[in-house]
1. If packing is taken as the mean number of other Cβ atoms within 10 Å per residue, what is the order of 168-176, 69-77, 53-61, highest first?
2. Over the stretch 2-252, what relative contact order in percent results from Cα pairs under 8 Å that are six or more residues apart?
3. Stokes-Einstein diffusion coefficient for the stretch 64-207 at 10 °C in a medium of 1.306 mPa s, Rh from the Kirkwood formula over Cα pairs: what value in µm²/s?
4. Please list, in order along the stretch 247-258, the HN-Hα scalar couplings obtained from phi with the Karplus expression 6.51 cos²θ - 1.76 cosθ + 1.60 (θ = phi - 60°), rounded to whole Hz, x for Gly and Pro.
5. For a protection proxy built on the mean count of beta-carbon atoms within 10 angstrom, sort 38-49, 97-108, 245-256 highest first, please.
6. Ranked from highest to lowest mean number of other Cβ atoms within 10 Å per residue, what is the order of the peptides 79-88, 136-145?
7. May I ask for the Rg/Rh ratio of the stretch 2-252, computed from Cα atoms with Rh as the Kirkwood radius, given to two decimals?
8. Nearest 500 deg cm²/dmol is fine: what mean residue ellipticity at 222 nm does the chain get from its DSSP H runs of n ≥ 4 alone, each adding -39,500 (n - 2.57), divided by its residue count?
Amino acid sequence: MPRFVLIAAIALLAGCARFDASPTPVATAPPSTGWTKPPPGYLAGNGGIDATAIIGAPPAPNSPRGKAERVQFEESRKLVNTSVWTQAIADADLSGKNGLKSFSCAAGVTLSAEVTPTLASMLLRMTDDAAKIYQPAKRAYQRARPPVGNTAPICVPREPWIATDGSYPSGHGMIGWAWASVIAELVPEKASPVLARGKAFGDSRIICGVHFQSDVEAGRYLGSALVTRLRDDPAFMSDLAKARAEVAASKANGPPTDCGA
């Protein structure tokens, strides 16, 4: 297990630029104080999903994996101000705009609040559902986040939640995987790049420095559980059918034009 984690850490860093120790300002996301609460989700409470029963406890700090993940955090600080750091800043935003753009590019079809409003609303409602599942687990385990107790650079401002909001499981890891699972169903011919984008959405939290790898992996398990549970919800399934029609109409207008080379 420790060998696997260290290999994963090396793979995460492969091909990326070295950190410049000069006093270059560290790019960070805007403060989260302007974040808008998502609309109410589909589920009543946690929908019967007990996150702690699914994911179990996180690695202990002094366990082989716990130590390896600390090394991964320290080594990944070399990614400051690289292209993956910039993407991690964008992925920190759960308001939907940046996420929809990145998933649009992966899916090859424009997904936005203007073009696919039902889908955009679905994803935000799923964000609320996700919080009702992962927050109890965070409170149960109270795993300290990687930047607690040090001054290493992270891609978001060091606001009070860094010290008070548990690291395990990762809400972003859960939400990114759940979003990707739904979008992949709507654009099945692009399932692989869409799911890869969902994985990268969670990996951005490791690059950002606010989660350990096991936090993100646990979040993905919960993301799959959430989507499975939502498929038994009539309102969700009704919206999924509407979103499918929206995506089909968007496909007819061609791929997005702002995805770069």
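Values in this text are rule-based calculations from the coordinates and carry no lab data. Computed from a predicted structure; not experimentally measured. Here the Cβ is made from the backbone with ideal geometry for all residues, glycine too, and neighbour counts use every protein chain on show.
1. Ranking, from highest mean packing down: 168-176, 69-77, 53-61.
2. With pairs under 8 Å counted, the relative contact order is 27 percent.
3. Details: Rh = 16.1 Å.
For the chosen part, D equals 99 µm²/s.
4. 5, 4, 5, 5, 4, 4, 8, x, x, x, 9, 10
5. Numbers: 38-49: 16.2, 97-108: 21.2, 245-256: 14.3.
Top to bottom by mean Cβ count within 10 Å: 97-108, 38-49, 245-256.
6. Values: 79-88: 19.2, 136-145: 17.6.
Result, highest mean Cβ count within 10 Å first: 79-88, 136-145.
7. Details: Rg = 17.8 Å, Rh = 18.5 Å.
We get a ratio of 0.96 for the stretch 2-252.
8. Details: 11 runs with 150 residues, N = 261.
Result for the chain: -18500 deg cm²/dmol, rounded to the nearest 500.
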